[in-house]
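Bear in mind that the values in this text are calculations on the coordinates, not laboratory data. None of these values were measured; they are calculated from a predicted model. When we count neighbours, we look across all protein chains shown, and the Cβ atoms used for this are built from the backbone with ideal geometry, even at glycine.
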């Protein structure tokens, strides 16, 4: 008997449309919360950040002030909660990880100086957050938060890694760090990988594994940024953690999102990589039988 998974994409506050009616499980790669009032500011932030490195949150506080910033964050969480309540209502297991808009980052003690080294140090600590914001998931019985967790469901394993919004490996920007800085960042990166690897070791080795990541793996056709106003235009912007995990363990499927420009599949060795797309109108149906993918269908509705 095959297993059918409905995969939805990054929603950013949009209630998903469900086009496939026959499924056993739901998978969502995060970004449930709304970006209303915040997304328009990302363009300005990128222009500033290209000249002077600055965290997005720091830019927002300076631009709109603390009171408005907190109000927008509260409204964003409320919208995200409604979406998860809706997914919970299908009375089927819903596997999630937090996206970078879901206010689930781990608190960091890193120096907040605005430069590449401290920004990277802060990011590597922040993505170690153990769970999705509890406001989004509390008392929703069908929601399974996969962040650094492994769930064994008889015929498959699923493990999650959320929050990532770009390449984590300091080697991607090795030339901008001193030797001492690079050694410190590399240690933090290895610690991050170790945390995920230790979780994975407890899997059921007799059944296939689904790796659920907020961001898709780095270096595929699914993670190229298309934004002429960004310094990273036409560059790979996926997760190196997801890439390293897929190369090392070759899970049957890796499911991610984050890169809104893409909706489709690619391969890393034996692993089928899926970018679940962006918006309320994209659905993917994944059907697994035994240790193989029986069917994979992508559907984009009208919007």
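Using all C-alpha to C-alpha distances in the chain, build P(r) with 10 Å bins and read off the rounded percent in each one.
Taking all Cα pairs of the chain, the binned fractions are 6, 28, 37, 22, 6, 0 percent.
Can you tell me the orientation of helix 116-126 relative to the chain, as the angle in degrees between its alpha-carbon axis and the longest Cα principal axis, to the nearest 10?
That works out to roughly 40 degrees.
Expressed as an acute angle from 0 to 90° and rounded to the nearest 10, what is the orientation of the C-alpha long axis of helix 66-88 relative to the principal long axis of the chain?
Relative to the chain, helix 66-88 is tipped by roughly 10 degrees.
When the chain is treated as a GNM, springs tying every alpha-carbon pair under 10 Å, which of 201, 15, 171 comes out with the largest mean-square fluctuation?
In this elastic network of the chain, the residue with the biggest mean-square fluctuation among 201, 15, 171 is 201.
Given a 10 angstrom Cα cut-off, can you work out which residue in 266, 35, 102 is the most mobile in a GNM of the chain?
266
Would you mind telling me which residue in 134, 250, 147 has the biggest mean-square fluctuation in a Gaussian network model of the chain, where springs connect alpha carbons within a distance under 10 angstrom?
It is 134.
Obtain the nm distance between the two label points defined at residue 299 and residue 175 by a simple spin-label model: each point lies 7 Å from its Cα along the Cα-to-C-beta direction.
Spacing of the two 7 Å Cα→Cβ label points: 4.7 nm.
At residue 232 and residue 36, where each label point lies 7 Å from the Cα along Cα→Cβ, what is the point-to-point distance in nanometres?
2.7 nm
Show that you can apply the helix-only estimate: for the chain, add -39,500 (n - 2.57) for every DSSP H stretch of four or more residues, divide by all residues, and state [θ] at 222 nm to the nearest 500.
So the helix-based figure for the chain works out to -9500 deg cm²/dmol.
Taking Cα atoms, how many degrees apart are the long axis of helix 40-51 and the longest axis of the chain, rounded to 10 and kept between 0 and 90?
Long axis of 40-51 versus the principal axis of the chain: about 50 degrees.
Quick one: if the Förster radius is 25 Å, what FRET efficiency do residue 19 and residue 270 give, using the C-beta to C-beta distance and rounding to 0.05?
That pair, residue 19 with residue 270, gives E of 0.30.
For residue 134, project a label point 7 Å along Cα to C-beta. Then give me every residue of the stretch 91-106 with its amide nitrogen under 16 Å of that point.
103-106
Got a sec? Which residues in the stretch 142-172 would a label at residue 201 touch, if it sits 7 Å along Cα→Cβ and we count backbone N under 20 Å?
Hits in the stretch 142-172 for residue 201 at 20 Å: 147-152, 157-161.
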